[in-house]
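Once you've had a glance at the structure underneath, I'll fire off some questions.
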Amino acid sequence: MSVINVERLVAASSLAELCWLGPDGAPRVRGVVPLSRDGRPALAFLYADHAVAREVAAAGQVALVLAETRSTAPAFTPTVLRGRPSLVDDPEGDVYLEDLVVQELRRYPPSRLFADSPLLMRENWWWLPRLVVEIDVEAAEPTAARRSPYDHLLAVGHEEALALRATGLVGSPSGDTLALELDGAPPAPGPAVLFGQDASFPDLEQWSQWRWQGRWDGSALQVAEAPARTGLGRTPGLLQRWRRQRDLERRCRAAIPARS
């Protein structure tokens, strides 16, 4: 890792994919905004996503895929960072306010609606408590750049390891079998997820994630569960945004430990 400045790489990156193996041995992938703390990559989960944060932290290994090229800085290089996760429970928001809020305000513009001033922070106090997952990076490897929403990530579970490949769909994504155009040699068979995401750059006001789950047979993905839709979809209206925000607030409040 001496040849890679992880903190600089993360700061130059855009949206990323976080990959890990769940308790059932199947791979999981989630789109994230990568931050850094004390020179390590960090993910600042809201308490609404506490179950995901704790599952990630309990995984033996995780992979952070930095492949999105939109809204990146000149220092960015498409890279997969692999390492061990650890959890910092921050129910008061102290860690977030001291180390992460400025990064998130810069890298994720929607956060400015909740934490761009002391007044907003007071009104939206539920936005500040976080479950911070830090990654002790043990390995870095190059990956293909993600240049369009049609580029996906294939994650295949192999015991306690993950095989990752950048992919493009071949033909229609409908049906029980997906043919993929892989960057690199096909991984060995195993439980798999094919993940895609897109966002409205540079404001990130819209952000959609979708996935196909099933089994990679060595040459194609046998689909067990397909997404209801892919892509960004329609721009949400004012009422829909308000309802989405209220739902997020309700779920955060319900999960934050009671204050003494």
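Are any of the residues in region 33-49 farther than 19 Å from Leu97 by Cα and either hydrophobic (A, V, I, L, M, F, W, C) or under 14 Å from the mean Cα position of the chain (by Cα) (or both)?
no
Among the residues of region 229-260, count how many are modelled with pLDDT of 95 or more, within 22 Å of the chain's Cα centre (by Cα) and either under 17 Å from Gly93 (Cβ atoms) or small (Gly, Ala, Ser) (or both).
6
Another one. For region 93-135, enumerate the residues that are in contact (Cβ under 8 Å) with a residue 60 or more places away in the chain, in contact with a Lys or Arg (Cβ under 9 Å, 6 or more places away or on another chain) and either farther than 26 Å from Trp20 by Cα or aromatic (Phe, Trp, Tyr) (or both).
If the condition is that a residue be in contact (Cβ under 8 Å) with a residue 60 or more places away in the chain, in contact with a Lys or Arg (Cβ under 9 Å, 6 or more places away or on another chain) and either farther than 26 Å from Trp20 by Cα or aromatic (Phe, Trp, Tyr) (or both), then Trp126 is the only one that fits.
Could you identify the single residue in Leu182, Leu162, Leu169, Leu178 that is modelled with pLDDT under 95, of a type in the set (A, V, I, L, M, F, W, C) and in contact with a Cys (Cβ under 9 Å, 6 or more places away or on another chain)?
Matching residue, one of Leu182, Leu162, Leu169, Leu178: Leu162.
Identify, by number, the condition in (1) closer than 20 Å to Val33 by Cα; (2) touching a Ser or Thr at 6+ places or on another chain (Cβ under 9 Å); (3) surrounded by fewer than 19 Cβ atoms within 10 Å (Cβ to Cβ); (4) among the aliphatic types (A, V, I, L, M) that Leu113 doesn't meet.
With (1) closer than 20 Å to Val33 by Cα; (2) touching a Ser or Thr at 6+ places or on another chain (Cβ under 9 Å); (3) surrounded by fewer than 19 Cβ atoms within 10 Å (Cβ to Cβ); (4) among the aliphatic types (A, V, I, L, M) applied to Leu113, the lone miss is (2).
For residues that are surrounded by 15 or more Cβ atoms within 10 Å (Cβ to Cβ) and among the polar types (S, T, N, Q), scanning just region 194-219, find the one that is nearest to Gly175 (Cα to Cα).
So the residue we want is Gln213.
Pick from Gly83, Gly25: which is more than 24 Å from Arg250 (Cβ to Cβ), in contact (Cβ under 8 Å) with a residue 24 or more places away in the chain and touching a Pro at 6+ places or on another chain (Cβ under 7 Å)?
Gly25
From the list Ala42, Ala53, which residue is assigned to a helix (DSSP H, G or I), closer than 30 Å to Gly214 by Cα and either in contact with a strand residue (DSSP E or B) (Cβ under 6 Å, 6 or more places away or on another chain) or modelled with pLDDT under 95 (or both)?
Answer to the selection: Ala53.
For region 7-27: of the residues being over 12 Å from the mean Cα position of the chain (by Cα) and of a type outside the set (A, V, I, L, M), which is nearest to Pro149 (Cα to Cα)?
Ser13
Okay, next question. From the residues in region 60-93 that are surrounded by 19 or more Cβ atoms within 10 Å (Cβ to Cβ) and touching a Phe, Trp or Tyr at 6+ places or on another chain (Cβ under 8 Å), which one is nearest to Leu164 (Cα to Cα)?
Step by step, filter region 60-93, then rank; the result is Ala63.
I would also like to ask the following. In region 162-177, is there at least one residue being under 17 Å from the mean Cα position of the chain (by Cα) and surrounded by fewer than 16 Cβ atoms within 10 Å (Cβ to Cβ)?
Checked region 162-177: no residue is under 17 Å from the mean Cα position of the chain (by Cα) and surrounded by fewer than 16 Cβ atoms within 10 Å (Cβ to Cβ).
Follow-up. Regarding Gly214, is this residue part of a strand (DSSP E or B) and touching a residue at least 40 places away in the same chain (Cβ under 8 Å)?
Against the criterion (part of a strand (DSSP E or B) and touching a residue at least 40 places away in the same chain (Cβ under 8 Å)), Gly214 does not qualify.
So which residues in region 191-211 are touching a residue at least 60 places away in the same chain (Cβ under 8 Å) and part of a strand (DSSP E or B), if there are any at all?
Result: Pro191, Ala192, Val193, Phe195, Gln197, Ala199, Trp207, Gln209, Arg211.
Further question on the same structure: Please state which one of Gln240, Gln245, Gln222 is surrounded by fewer than 19 Cβ atoms within 10 Å (Cβ to Cβ), in a strand (DSSP E or B) and not hydrophobic (A, V, I, L, M, F, W, C).
Numbers: Gln240 fails: in a strand (DSSP E or B); Gln245 fails: in a strand (DSSP E or B).
Exactly one residue qualifies, and that residue is Gln222.
The values are calculated or read from the model by the stated rules, or taken from the named source; none is laboratory data. This structure is a prediction, so every number in the text was calculated from the model and none was measured. A quick note on method: Cβ atoms are made from the backbone with ideal geometry, for glycine too, and the neighbour counts reach across all protein chains shown.
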